[in-house]
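Chemist: One structure follows; several queries about it will come next.
The values are calculated or read from the model by the stated rules, or taken from the named source; none is laboratory data. Here the structure is a predicted model, which is why all the values come from computation and not from measurement. All Cβ positions, even for glycine, are placed from backbone atoms using ideal geometry, and neighbour counts span all protein chains on display.
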Amino acid sequence: MAGSPLRILVVGAGIAGLAVTRALRLAGFRPEVTERLPGARPVEGGIYLPGNVERALREIDLDGPVRPLGEVIRRQRFLDARGGPLCEVDLTKLWAGIGECRALPRADLHRVLLSGAGGEVRYGTEVRAVDLGTDVVTVTFDDGRQAEYDLVIGADGRQSAVRALAALGGPARPAGQVVYHGVVTGVPSVDEWTGLLGERAAFVVVPMGAGRLRCYADEAGTEVPADPLARIREVFGGYGGPVPAVLEALEQVQVSRTDEVELGRWSRGRVVLVGDAAHATAPTLSQGAAMAIEDALVLARTLGRSTTVPEALARYESRRRPRIKWVLDRTRDRDRTRDVSPALRDPLLRDRGARIFRDHYRLLVDPA
């Protein structure tokens, strides 16, 4: 179907939606894109991209614009809560021949993807109803307008409206973590990905270039605090390493509960889900962007090589499910490691931590 006049609607203009739009355009399709939020909003915070993200960006010819941005990360350093060494992972070796690991402002990545997607995004547009016919999908928008499509792609995140409207699954489920994000500047230099593991909590700092540090922290639980800045200082105030200086410099913190999405199927009729709408996990392995862009690649590829839309969607899901399950299982494995008592966990990580953490990415070294 490559180059065919399929009427395709992409719902969502985040990483998943813009990546799938870019991949589809390269394959000869011309999708429409809608986003429920009004206007191109500022995207806050930072993002860490493992090496398989660069490979995926290379396949949609966007690695070049990303390469000058942020900072290349060559090593992960794991410490105990006091700042004592546990283990290190050589990222250059882990992702050799695949891609560099990079940390950068999320807004920079979004800008590259938005430019690469081409065309226009209809902002402030919500999907209110999805009627699945045999050969078309009739979509009703919040302004009452209706339109028919040969394919609707739900790329609208963990709280996906498309997922609910197409009866592909219910709300996301709590993963048992509360996560905190922030960016600081002017603190003592940190030149590596540095994570401190405490009692059912972790604090990570990653350099993003230009003196900026991405800060990520999580703790076990499901209740989002009313004052996240006070809470992060309370939970991590006793940590060592770079954490005291980072906490002192923090002025704003984003906080959210981490949810998982695990579905029995990702498509129904001519509606399909990609990215977090289909398979959100905790951000422990930093694979959200990678899996979203890989979804985009595989979906565009299968649409180009299949004779019908249903055939393409079946092939897409069959191809992607084993890899997504690996990420979900390894994410849960790492979270369980974090939740083991430090008295038992820390000696294990000093002895075998580098191998354990490398193995979490073993399958992802292979292409999507």
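Chemist: What are the residues in segment 75-98 that are part of a loop (DSSP other than H, G, I, E, B), touching a residue at least 24 places away in the same chain (Cβ under 8 Å) and surrounded by fewer than 16 Cβ atoms within 10 Å (Cβ to Cβ), if any?
Modeler: Scanning segment 75-98 gives 82, 83, 84.
Chemist: Let me ask you something else. Can you confirm whether residue 47 is under 30 Å from residue 366 (Cβ atoms), surrounded by 23 or more Cβ atoms within 10 Å (Cβ to Cβ) and either modelled with pLDDT of 95 or more or of a type in the set (Phe, Trp, Tyr) (or both)?
Modeler: It is true that residue 47 is under 30 Å from residue 366 (Cβ atoms), surrounded by 23 or more Cβ atoms within 10 Å (Cβ to Cβ) and either modelled with pLDDT of 95 or more or of a type in the set (Phe, Trp, Tyr) (or both).
Chemist: Is there a residue being more than 14 Å from residue 24 (Cα to Cα) and among the charged types (D, E, K, R) anywhere in segment 287-295?
Modeler: So far as segment 287-295 goes, no, none of its residues is more than 14 Å from residue 24 (Cα to Cα) and among the charged types (D, E, K, R).
Chemist: Here's a follow-up. Counting only residues that are touching an Asp or Glu at 6+ places or on another chain (Cβ under 6 Å) and among the β-branched types (Val, Ile, Thr), which one in segment 145-200 is surrounded by the fewest Cβ atoms within 10 Å (Cβ to Cβ)?
Modeler: Out of the qualifying residues, it is 179.
Chemist: Sticking with this one: Might you check whether a residue that is assigned to a helix (DSSP H, G or I), within 20 Å of the chain's Cα centre (by Cα) and closer than 22 Å to residue 16 by Cβ occurs anywhere in segment 32-51?
Modeler: Yes, the conditions are met somewhere in segment 32-51.
Chemist: What single numbered condition from (1) in a strand (DSSP E or B); (2) touching a helix residue (DSSP H, G or I) at 6+ places or on another chain (Cβ under 6 Å); (3) within 29 Å of residue 353 (Cα to Cα); (4) not small (Gly, Ala, Ser) fails to hold for residue 54?
Modeler: Tallying (1) in a strand (DSSP E or B); (2) touching a helix residue (DSSP H, G or I) at 6+ places or on another chain (Cβ under 6 Å); (3) within 29 Å of residue 353 (Cα to Cα); (4) not small (Gly, Ala, Ser), residue 54 fails exactly one: (1).
Chemist: In segment 7-30, what residues are within 18 Å of the chain's Cα centre (by Cα) and either among the polar types (S, T, N, Q) or in a loop (DSSP other than H, G, I, E, B) (or both)?
Modeler: If the condition is that a residue be within 18 Å of the chain's Cα centre (by Cα) and either among the polar types (S, T, N, Q) or in a loop (DSSP other than H, G, I, E, B) (or both), then 12, 13, 14, 21 are the ones that fit.
Chemist: Restricting segment 15-39 to residues that are touching a Ser or Thr at 6+ places or on another chain (Cβ under 6 Å) and not polar (S, T, N, Q), which is surrounded by the fewest Cβ atoms within 10 Å (Cβ to Cβ)?
Modeler: 31
Chemist: Now for a different question. Checking residue 271 against (1) under 22 Å from residue 71 (Cβ atoms); (2) touching a residue at least 60 places away in the same chain (Cβ under 8 Å); (3) among the aliphatic types (A, V, I, L, M), which test does it fail?
Modeler: (1)
Chemist: Still on this structure, please answer the following. Looking at 247, 263 in this structure, which one is surrounded by fewer than 24 Cβ atoms within 10 Å (Cβ to Cβ), within 21 Å of residue 172 (Cβ to Cβ) and hydrophobic (A, V, I, L, M, F, W, C)?
Modeler: 263
Chemist: Would you call residue 354 assigned to a helix (DSSP H, G or I), surrounded by fewer than 22 Cβ atoms within 10 Å (Cβ to Cβ), touching a Cys at 6+ places or on another chain (Cβ under 6 Å) and in contact (Cβ under 8 Å) with a residue 40 or more places away in the chain?
Modeler: Criteria met by residue 354.
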